[in-house]
Each structure stands twice: as structure tokens, then as C-alpha cells.
Amino acid sequence: MRLRPAAVLAVVLGALVVVGLASPAGAASDAINIKGTLSDTRTDPPEPVPDVKISVEIDGSEVATGVSGPDGTFAIPVPGSPDDLLGQDLTVKLDTDSLPEGTSLTDGKKTSFTVMVKTNADITVNYGIGPEADKGPGLLQEIAQNSINGVFLGLLLALAALGISLVFGTTGLTNFAHGELITFGALAAYLLQDAFGWNFYAAALLAVILAGVFGLANDRLLWKPLRSRGTGLIAMMIVSIGLGIFLRNVYQYFFGADNHQYRGVPAGDLWNIGGVGISPKSFYIAVICVVVLILVSLAVTRTRLGKATRAVSDNPALAASSGIDVNRVITTVWIAGAALAGMGGIMWGLQNGFDYQVGNKILLLTFAAVTLGGLGTIWGTMAGALIVGLLVELSSIVLPPELKYVTALVVLILILLVRPQGLLGRAERVG
Amino acid sequence: MSWFEVLTNAIEQAVGPQAVVYCLAAIGLNIHFGYTGLLNFGQAAFMMVGGYAVGALVQTWGQNLWLSILVGLLAAVVLALILGVPTLRLRADYLAIATIAAAEALRQILGAASLNDQFGGQDGRFGFTEALRDINPIPEGGVDLGIIQFRSYDFFIMLIGWVLVALLCVFIYLLMRSPWGRVLKGIREDEDAVRSLGKNVYSYKMQALVLGGVIGAMAGIMSGLATSNVAPSDFATDTTFFAYTVLLIGGAARVLGPVLGALIFWFFLNGLDLFFGKATSGTDPLIPSAIMDSNQASLMRLIVLGLVLMLIMIYRPQGILGDRRELAIDGR
Amino acid sequence: MGADTMNEKHETAHGGGDVILVADGVTRTFGGLKAVDVDHFEIPRGKITALIGPNGAGKTTFFNLLTGFDKPDEGSWTFNGQSLSGVPPYKVARRGMVRTFQLTKVLSRLTVIENMRLGATGQKGERFLPSVLRFLWQGQEDANTERAMDLLRRFKLDAKKDDFAGSLSGGQRKLLEMARALMVDPELIMLDEPMAGVNPALKQSLLGHVKSLRDEGRTVLFVEHDMDMVRDISDWVVVMAQGKIVSQGTPDAVMSDPAVIDAYLGAHHDAELTFDMESQIEAEAEQEIAAETEENR
């Protein structure tokens, strides 16, 4: 899967060049031409592929054929005047047997496809040709590749989701504005880099700190006053929805709706391990996530404050009566949770790019992770995030890729029904 | 556009087809949330099954529009049962997450490219309103009510919509002052208490979910009929949240809450949009372009909306019509 | 105390008389701890039975099990000879066995009279479509209102009929909950700590109301841990400790039973048993149990 974007990009770039060169000549012809280029995208620049047969059909009967030339281009005039052809469906077929040995189209669906004639202009079709393996990697290979992608996704989700879990555990708030904490980190790093010209690593570091401060501000300016007013949890949940809508649009106000990328972090050459592609950038992101998650785990098991956090999550009333400063724990949880969320946003942006609603887009996935693991439990959230990541990526082996997030949502619903306390949560926590 | 037109346009929108749609969606939510205390965050799903049933049955499968509307309403009943049988046992915040996830999953499925032939992917279904347009009795030139004007078909939709809203309000008024409504309100307060008095709480919750869901489907169908289009983007999570805002502005657990809420919501949502649009347009805009350009102006209404939702919930959770002592919002 | 002695007392107390509820082998475990482990339990018909015991004895859990609000691990029980195992709470209530709650569950944002009307059973107006047609249920509603007003007068709440129930005092809420339960017209009324959180002045009048329930022919079971309260009004006392029934008999016999004194003192390490502390601890336990109930439903 990871090979695809690069290949597609090469094809598109190649096509642009070819179309740019070819179109002036084509415009003079009376008949409509089906034309384009065949290029082998395994090399850079792509090499032309000659002697491939292409045919054009109308209503199932072949009306014209052509063969690609030494420069990989072809142009097949369609018989009949352009006016008569208007509104007709043309089916363009590529004879895969005529492709060079051991190769196939990078886009397997393109061997036969149909276009409707809408103008009298020529119709351009470009073909990218890659290794035969692309026709479908072995199932095992695919499972391995998707599992790795799933783990990477799960680690990012774990960072992003810990905050929701901690806040829920200590205050009972289901924070629908948590996505905006994730986005905050991504945007802060971007702002530091883009507007102030900071080095990415420095920008990311300060952005994580700023995200923590932002979390603190969230609690101090909004949630803490609401708690002391005795506002109900459902009312607070709806307040968080309003806050989410507000912040999301403020973000868009200042950063626009564009997709942003960080600069200065090279993707590196893809590592190919037994047919499984791993981008070094993704790998290092995953390593950082693991280190941070281990640090969080150590913090909650080894430090006084961490232990207190767990105690409050387990039973706020009991913790308070046993002398734990619940307010201090909640403050810490907001700072740490928001900083982790912000870091998750930066890592996500580094991996996939981001926009003003990146956090909102993955909010339901983080809910799924948190619920799966058991609301309010720290280990559960990490485990839940990994499972959700794996499920999402593995499901795309059998489901159309656009439905891969649906899997996570369906699992979320099923878990709520069957075991609302989550996989690792204790029954006593619910209610 | 003059400042006066900004005002009149906002008034037109306040009673226009979109206001009808959100009014209906909020009436459904009022039954769920206002009266029964069910935190349904998936109202968009009910709208979606209604709208898509009509759009797809007519456009994809060539069925009769009226029959399709009936099927759309039945589809909402089915969705309520599928969603309700398992989730109505959950506590409030889990129900919220389950319904929001169900709605989003359904939306992604209906918008999937692999189901393009049936549901039209991201473009959705369109052009299925011929039968309704054919019986439109409003003169082709539209309707001029002095300072506000409506196009013929829009006015026809509004007419149908507001009559429907009025009928539903009467129906809900009758329901909620009856012993049936009393049981719902009891469940909202404390379902165990109601159980201890011999009432089948689960069955009442299901009845509420179905009724509110069917009214939600009416909203989705009206939305499809008004624009001759149903698309996944019409039924995003925010759609449900807007309906909540409408309900909470007007006042939950009040028969006329959703109506008043819809009027105010759409007046201000569009008023703000038009105001900031005008304030940032032209060669010498009221607001310098360094502060706000026209793209940013279009975001102002949502920024304000988010703030309003927060402030209402904090300072006046009973909305405009509600009675503070009887406010429906309560934490567990 | 052995099972033989217990049976003996049982015989003498109500002379092998009529029992309304019988439970056998009912157990309920929370996380490895047996909260309830009752071999045999009976409620004599037409009498006031007190279920007492120190906190954590499993009284409220047992109560929840009997009324269907919680499910036992095993065990069976019958009401008027019909099995109630696995019967949902609302059906338990319809059969004539109605409970109240330790943490009073009045419906705060309904008026007092609406709370009362909600208790009436078999209402035509509670069905979806008939509810819209007022003439179908108006007559029944009037009759229910009349009955509700009678009860409110009896419990001295008639002046408050149009107030929101949330505005009542703790004692008045207890009264309202009791009155509302009577709207169901139960044979057996089960009161979970009717005296908890009630000011002392009102306690006597509450006790009077409990007695009046028996005098009009109903059976009463109530949970209590204040032994002095129990002595005055109950005909029969059952003592629970650590999930088990450790003694039962007439109030005087139970009070002097060494097993009972052990149970109370043992559970509290010689500490003075104070009412406030008890109810606070019980309230916490109740919340946890409610959570369990929810999860297991």
C-alpha cells in the first residue's frame, strides 16, 4: 500500500508532461482521438512502454485499435464524426497479454473502462506500468503490511486518546472537544515553523508544552468553574460540543481549510523487509510514541502523583477521603492529557499531513480506543488504541478502504453493548 | 445588498425550508432528550435513512415518490428498533457515544464509492422531487409578502413543512399532558423509580425513540425535498449538534421550544453570515480585510454558534421557554 | 446459632401461619465476595417484618434481589406461591410487591400530585395512541387523582400537591415515596430504610404510618439498622450479618440473642454504632450496588 502514492505521483507527473507536449498536435484533427502514454513507473524518470495493444469499443463491438509507439504514446482515431459520437459511451480496453513479461498496470481496474463523449476534444488515457507483484501482493504479505500500519496507527491513537481517558476517569467528563486539543498541538508546531521559521524539532517540543498549557487553560477557565457550580455531566458534555465547534472554526479562521505538511523531516527511502514496506519516518514516529507511552506508564506507576491519579480514577470519593488532593490530580491530568493529545496531533500531522479538523476526524476513533480499553483506565486505553489501529488497517484487506473507519465504529458500538466497562476495565467502574 | 436586505434575508431564512428541517429534527430530539432523557447523538442517522430512502428509491430504483416517503418513515422505525434494542440499556453517556458512532458509520457506508450505483457516493441522490413539483399550486412567480419574498417551490415546501410542524406540536402537546407523557418524564427523572411502580421502562424508551426517530426522518425527507438532493455532507455529526442547539435555545421539554429555537437559530445563523459577508465585501469593507476576509467571514456564524451553545448550556440550560425548576438537563 | 433453633423460633412466632414470600438459597457475589448468602427467608403475611443488620450485611442487596433490581447467582423465591426468579422489576411491582428506595427516588421535576398519579396501575392513558384521546382516560384519571388526594391527606402532603417534588424536605420525600408506592395498591410493601435521613420529630409519625399499613391489611418488610426503631413496631425481626441470616424471631428474642450482639459489635470493633455514620456508609454501598445492578442488567 505504501508504494502506491509515489507511483501514482510519478504517473501523474509523467502524464502532465506528455499531455502538454501532445495536445497542440491533437487539436487539429477532425476525429476524436483516444490517446495517451504507457510508462514504466519502476524507474525514475519513467520509461516508455512500446507495443501494447489498446482497443476502443462502442456497445460491445470493437471500432478501433492501436498500438503504443517506441515513445510509449498512442493515438487511436475513433471512426465517425465527433457530433455523432456525442453522448456515446466508449469503452477503452488494454490487452494485458501484450504488456512486457512480468509487468502489469499499476491501476488494475484500468484495463477496461468507459468514458462518455461530452465534447469533440480528444480523450486522454495514461497508463502506469509497474511490477507484476502489484496485481496483488500475497495475502500474508498484505496482512503483515497492514498489521504494521495498524500498529503505527494504534500508537498515534494511544497518544491522542490517553487524555480523554484520564479526564473521564478523574472528572467524569466525556470531552467532545478533545479533538481540538489534538489539533492544537499540530497547529502550534506548524505556526512556529511556518511563521517564525523554527526548526521542526524545536517547534514540536515547544508545541507540546503549549498544548499542555492550553489544556490547563481549558480546565482553569472553563471546566473547573463548571465543576464548582455543580454543572451536571451531561450539561458539561454538551458544553464540550459547543467548545469543539467554536475552536474548530477559530482554527479554520486562522489557518484556512488547507492540508498542511511540516517541513524539514525527510521521509527517507522506504525500507523493504520481506516485501513489507516501512517508511523510516513512520518507524521513528512509532519509536517516539512507544518511548512516550513507556514514560507515561512509568509515571503513573512510580510517581506519587501518578499513583494518586490512578486512585482518583478508581474511586474519586475514596481517594478524596484518603487525603489525596483531587484538584491537583485533575490539574495534572489536564496538562498531561492535553500535552499528549497535542503530541499525538503533531505526530499524526508528520505522518499524514493535517488540517484544522484533524483531531475531530479521529475523535470517534479515539473514543473507540478508550471505550474498548475501558473508560478511565490507562493500560486499557493503550491496548484499546492498538486494537483499534490494527482493526482499522486489517479490515481494509477485506473491505473497501473507504469503509475502514466504519469497522472501528462498529466495534465501538459492539463493545458498548457487550462489555461497556471495556476489555480491561472492572465492572465496578461503570455506573 | 443593503443592510436592510441583510435583515430581510435573515428573516426569510428564519422561516425558510432549512428552518423547517431543523425544527423537525429538534422536535424529534425533544421527545428523546427533552421528555425522556435519552441522549441521542445520532439524530442525523434518522434524518439520513428518511432522506436516502426517498432519494434512492426514486432515483435509483424508479419508485413512486409518495410510496418512498412512506418507506422512509418506516425505515426510521426499523433503525430505531435496531439501534434501540441493544443501546437503550446503556447509561446516558454511553448511549450518546453509541448513537454518534452508528450515525457516522451509516454515513460513511451510504457515501462509500463502492455503493456509488445505489447511493451516489459523495454526490448522493438528486432530482427525485418531480412528483412534488408537479402538484405545486404556488404561482410560478413565487410569493411576495412585502419585505420578504420566496420562490414558488420554496414557499410550497415551507407551507407543507410548517403545517406539518403545527400538527406535530398539537400531537406532542396532547401526548405530553397525558399519562403516557408522564411516564416519559418520570423516566427522564429516575427510571428505577418508574420501574418500581410497575411500568415497563424499556418499552416506553423504545416508543420514545421510535416516535422521535420518525420525526427525525421527516426532517431528512423535508431536507431532500427542499433541495432535491441528499448527500452524506447533509447528515454529518454537526447536523445533530445543530438540532440540539435549536432545541436548547428554544427550551427542552417545551412543545414550542424547537419551533422558537429554529426561528431564532436560522435568523441569527444567516443574519451573522450575511452581516459578516457584507461587512467584508466591497472595495472599502466595514471590517478591514487584514482582520477578516470573506472566507473568514463565512466562519463567524459557526464560531458564534459554538459559543452560544456553551453559554446557553452554562447560564440558561432551560432555554428561552423553559422553567428553571423543571429544566431537563441533569448530570448523573 | 443452629438452623434447628431458628426454625423453632420461626414456628413459635407466627405459629406456622401464612407466609407471603419465601426465598431459598439466594446468593450474590461481587468480585469474589459473597454479599448475600441466604439459605431460607420468609415474610409472614399481614405483619411488619424488619430486616436488620450492621452495614455491609447485604440487606439492600438482598432487597434488590427480591425485587428484581439485581440478579442473584443462584436461588429461588416465590411471592404468593408464584416464582419471581428472573422476573423484571416492573412485573414484580405489578404482582403486588412494591418497594421504596434508601436514597429516596421522588421524581423531582414532577409535581407531588403527578408523582402520585404515576403510581396508579392499569392506566389506559399510558398507552401510546389512546393517550392522545383524553376522553378515553379522563374518568380514570379523575378517580386516580381522588385516591391520590386521599393518600396525600393521610400523609399530610395535600397542601404540597402542586409543588415540584424536588422542593420537599427529606422526610416529606420519604412520605411521598411511601404514598406513591401505595398508589400501586401493593399486598407487600418493602421499605428500604424509611427512617434514614428523617428528622427525629418526623420519625414517630413515619412509624405510625408504617403501622397503619399493617392495620389496613398489608404486609410490610422494612430494612433498618437502628434496633430501637425495630423494637417498637415490628412483629418479626430478621437479622443479617455478612450476607447471612444469623437470627430471627420476635423483637425481644432477637435483641437478647448473643449472635445478634456479636454481629453488631463484631462488625464495628467496639465502636459506638451511630446512625449518621451508618447511613453514610450504607449510602456509599448503595451507590456501588446500583452501579453493579446497572452493569448486570
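Brief remarks on what is shown
- Any hit, the range B:112-121, residues being within 8 Å of chain A (Cβ to nearest Cβ) and buried (at least 20 other Cβ atoms within 10 Å of the Cβ): yes
- The lone exception for A:Thr303 - which of (1) surrounded by fewer than 18 Cβ atoms within 10 Å (Cβ to Cβ); (2) within 13 Å of another protein chain (Cβ to nearest Cβ); (3) not hydrophobic (A, V, I, L, M, F, W, C) it fails: (2)
- Residue selected from the range B:159-175 under the condition crowded, with 16+ Cβ neighbours inside 10 Å and either in contact with a strand residue (DSSP E or B) (Cβ under 7 Å, 6 or more places away or on another chain) or within 9 Å of chain C (Cβ to nearest Cβ) (or both), by the criterion farthest from B:Asn200 (Cα to Cα): B:Leu174
- Of the criteria (1) surrounded by 15 or more Cβ atoms within 10 Å (Cβ to Cβ); (2) without any contact (Cβ under 8 Å) to a residue 24 or more places away in the chain; (3) more than 14 Å from chain C (Cβ to nearest Cβ), which one B:Gly124 fails: (2)
- Subset tally (residues that are out of contact with any strand residue (DSSP E or B) (no Cβ under 9 Å at 6 or more places or on another chain), crowded, with 16+ Cβ neighbours inside 10 Å and either modelled with pLDDT of 85 or more or assigned to a loop (DSSP other than H, G, I, E, B) (or both)) for the range C:189-205: 2
- Subset tally (residues that are under 16 Å from B:Val194 (Cβ atoms) and more than 8 Å from chain B (Cβ to nearest Cβ)) for the range C:121-139: 1
Conditions tested, residue by residue: (1) outside the structural domain of A:Ala158 (by TED's automatic domain parsing); (2) surrounded by fewer than 20 Cβ atoms within 10 Å (Cβ to Cβ); (3) more than 26 Å from B:Thr239 (Cα to Cα).
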residue: A:Tyr190; (1), (2), (3): no, no, yes
residue: A:Leu205; (1), (2), (3): no, yes, yes
residue: A:Gly212; (1), (2), (3): no, no, yes
residue: A:Gly215; (1), (2), (3): no, no, yes
residue: A:Leu222; (1), (2), (3): no, yes, no
residue: A:Val250; (1), (2), (3): no, yes, no
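Rundown of residues vs (1) in a helix (DSSP H, G or I); (2) under 29 Å from B:Met1 (Cα atoms); (3) more than 14 Å from chain A (Cβ to nearest Cβ); (4) under 21 Å from the mean Cα position of the chain (by Cα), yes/no style:
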site	(1), (2), (3), (4)
B:Pro258	yes, no, yes, yes
B:Ala290	no, yes, no, no
B:Ile303	yes, yes, no, yes
B:Leu307	yes, yes, no, yes
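- Among residues of the range B:176-208 being without any contact (Cβ under 8 Å) to a residue 40 or more places away in the chain and closer than 14 Å to C:Gly125 by Cα, the one that is farthest from the other protein chains (Cβ to nearest Cβ) is B:Arg177.
- Of the residues making up the range B:9-38, those that are surrounded by 24 or more Cβ atoms within 10 Å (Cβ to Cβ) and among the aliphatic types (A, V, I, L, M) are B:Ala19, B:Val20, B:Val21, B:Leu24, B:Ala25, B:Ala26, B:Ile27, B:Leu29, B:Ile31, B:Leu38.
- In the condition set (1) surrounded by fewer than 18 Cβ atoms within 10 Å (Cβ to Cβ); (2) in contact (Cβ under 8 Å) with a residue 24 or more places away in the chain, A:Met237 is compliant with all but (1).
- Taken as a whole, the condition of being surrounded by 15 or more Cβ atoms within 10 Å (Cβ to Cβ), modelled with pLDDT of 85 or more, over 19 Å from A:Thr332 (Cβ atoms) and out of contact with any His (no Cβ under 8 Å at 6 or more places or on another chain) does not apply to A:Ile123.
- Residues that are surrounded by 21 or more Cβ atoms within 10 Å (Cβ to Cβ) and modelled with pLDDT under 85 number at least 2 in the following helices (runs of 4 or more DSSP H) confined to the range A:343-431: A:358-373, A:404-418.
- A residue that is touching an Asp or Glu at 6+ places or on another chain (Cβ under 7 Å), more than 10 Å from chain B (Cβ to nearest Cβ) and buried (at least 18 other Cβ atoms within 10 Å of the Cβ) can be found somewhere in the range A:258-265.
- Those helices (runs of 4 or more DSSP H) of the range C:43-124 in which 2 or more residues are within 14 Å of the chain's Cα centre (by Cα) occupy C:59-66, C:89-94.
- Contact map, the range C:92-119: first residue of a type in the set (Asp, Glu), second residue part of a loop (DSSP other than H, G, I, E, B), Cβ cut-off under 9 Å, separation 6 or more or different chains; pairs are C:Glu114/C:Leu107.
The values are calculated or read from the model by the stated rules, or taken from the named source; none is laboratory data. Just so we're clear, the structure is a prediction, and the values are computed from it rather than from any experiment. Positions of Cβ are generated from backbone atoms using ideal geometry, with glycine treated the same way; all protein chains shown enter the neighbour counts.
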